[in-house]
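The next block holds one structure in the form of C-alpha cells; read it before the comments.
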Amino acid sequence: MKAEIMSIGTELLLGEIVDTNTPYLANQLSVLGIDLYFTSAVGDNSARLLGTLKQAWDRSDIVLTTGGLGPTQDDITRDVIATLLGEKMEVDPQLKQELVSFFARRGIEMPESNIRQATVIPSATALVNPQGTAPGWWVEKKGKIIVAMPGPPGEMHYMWENQVLPRLQQRTGAVILTRMIKTFGTSEAKVDEMLADLTPSPNPTLATYAKLDGIYIRIAAKAEKEVEARRMVDGREADVRAILGDIIWGIDDDTQESMAGRALIDKSLSVAVAESFTGGFLTQTLATAADNERYFKGGLIAATGEAKMALGLDPKLAKSEDKAEVARAMAVLARQKLDATVGIGIEGESGVEPESGMVPGTVYIATDSDKVDVHTVQSYSGRLYQMKRRAAYYALFDLVKLLKA
C-alpha cells in the first residue's frame, strides 16, 4: 500500500505554525508497514488544493489529510474532497445533534456556521472527534482511501489512535505492537551508537527520538498474532535494558513527574522546591502531576537576591557567586520552610559566547533530605532556553535515581 500525507492550511505556508502532524503520521505509517512516498503542504485555496488532492488520489492508495475541517469559509477540505469525487455534501442529523450537544455542555449557543462540520458525502464515514467540533472523514471509493483529520495535533492524534489506526491495522493483515523506552542524560547520537547492533533488525524495529524529557526508543513488532508480537517486543525491550541500564527512566505513558511521585509515595516522603533562574518550571511540572497532593508541598520562586533573602536565605549566600552553594542552601530552605522531607534547589547563570552570539547557561541542581542519605549538587550546561525548560527533568531524573539508590 502506498500512502501520501497532505497538511492543509495557509498558516503552514506562512510559517505561522510548525507542521508536527506530518512527521507523526509518517512515523505511524512506518509502524504499520505502509510505504509513504509523498508529503505536501497546501494553502486554503480550492483550485490548488483540488489539483494537489487529485494528484495524490491518482498515484497513492491512501491519502491522509490534516486541517481544513473547521467551521469557517476557508476550511475547504470537505468541499474539495466532494468535488474530486463528484459527490454532494449533506448534513448528517446525528452529527448535527452531537455538535449541538457539544456546545450545550459548555453553555454556548452553536454558531450556524458550525453546521457545515456535520456534513458528509455518500462515500464518507464520519470519524468522531470528542476532543473538538470537527468530525473527520473516512472515504472509500474505487479501491482507494482518503482520511481527513483535524489540524490541531491533540484532536488529530486522538482520532488517529482510536479510529484510523485500528481500521488500517485490519487492512495490513497483521498485529503491530509498540513500546516506547524513555531515557535521560545521554545524547541521541550516543544512544543510537549504543544500540547499533540492534537497529538493523527489520522486525522488531528500533527508532530513536529526541524529546525535551530525554531520548525515546520506539520498539515496534509485527506478527500475525498478538501473543507473538508481544513476545518480540518484550524480548527486544530486555535487550535494550541490558545495554542502556539506569539511563532508562520509564516506558510508554510514564512521565518523569509521575515516576518521581511514585518513588516519593513509596518511601512516604514529600518534596518542596526553591527555584531561581528557571522561573518555576519544576514547580509547575510537579503542581500539575497526578496525585501531587500526596507528595508535593509547594514551590518557592525567587528571581533576585533580595527575593531570596525575603524567603530566608542568608544575605551572604543570596549574593554569592558560588551558584552551587546557593542551590544547596535553597534546597535546605525549601525543605525547612515547607516542611518537606526532600528539598530541591535550582540556581543558574548565563553568559554570551563571543564567536556565536549564543547565550549558554549552566544550571545547578541540589537535593537535600533529612530522611535519606542525599545531599548533592549537579550542574548541567547548555543553551539558555533549553536549560531552563529541561532543568525540571534533570532534577526529577536525579531525584528518582537518588531515591532508588
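Just so it is clear, none of the values below were taken in a lab; they were calculated from the coordinates. Remember, it's a predicted structure, so these values are computed and weren't measured experimentally. Positions of Cβ are backbone-derived with ideal geometry, glycine not excepted, and every protein chain shown enters the neighbour counts.
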Per the charge dipole of the chain (beta-carbon charges, Lys/Arg positive, Asp/Glu negative, Cα centre), the residue among Thr119, Gln170, Leu53 reaching farthest to the positive end is Gln170
If you look at just the Cα atoms of segment 175-251, how large are its Rg and its Dmax in Å?
12.0, 37
Around Pro150, under 12 Å between beta carbons, what's the net of Lys plus Arg minus Asp minus Glu among the other residues?
-1
Hey, if you put +1 on the Cβ of every Lys and Arg and -1 on every Asp and Glu Cβ in the chain, which of Ile248, Leu317, Ala391 ends up farthest toward the positive end of that dipole?
Ile248
Ranking Ala41, Val63, Ala221 by how far each Cα lies towards the positive end of the charge dipole of the chain (+1 on Lys and Arg Cβ, -1 on Asp and Glu Cβ), the top one is Ala221
Which net charge results when you count Lys and Arg as +1 and Asp and Glu as -1 among the other residues whose beta-carbon is under 14 Å from that of Ala196?
-4
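Helix-only estimate, please: 222 nm mean residue ellipticity of the chain, summing -39500 (n - 2.57) across DSSP H runs of length 4 or more and dividing by its residues, to the nearest 500. Intermediate values should be presented prior to the final figure.
Working: 15 runs with 158 residues, N = 405.
So the helix-based figure for the chain works out to -11500 deg cm²/dmol.
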Local electrostatic count at Asp246 - Lys and Arg +1, Asp and Glu -1, tallied over other residues with Cβ under 14 Å
+3
Using modelled amide H (1.01 Å from N, peptide plane; none on Pro or chain starts), what sits under 5 Å from the amide H of Asp44, excluding residues fewer than 5 places away?
Gly9, Thr10
I'd like the Kirkwood hydrodynamic radius of segment 2-172, using the inverse of the mean 1/r over distinct C-alpha pairs, in Å.
16.1 Å
Among (1) 21.3, 66; (2) 19.7, 58; (3) 25.7, 78, which one is Rg and Dmax of the Cα atoms in Å computed from these coordinates?
(3)
Using a simple charge model, +1 on the beta-carbon of Lys and Arg, -1 on the beta-carbon of Asp and Glu, nothing else, what dipole does the chain show about its Cα centre, in debye to the nearest 20?
540 debye
³J(HN,Hα) across segment 304-320 via Karplus (A = 6.51, B = -1.76, C = 1.60, θ = phi - 60°), whole Hz, x for Gly/Pro?
10, x, 4, 5, 5, 5, 4, 7, x, 6, 3, x, 5, 5, 4, 10, 6
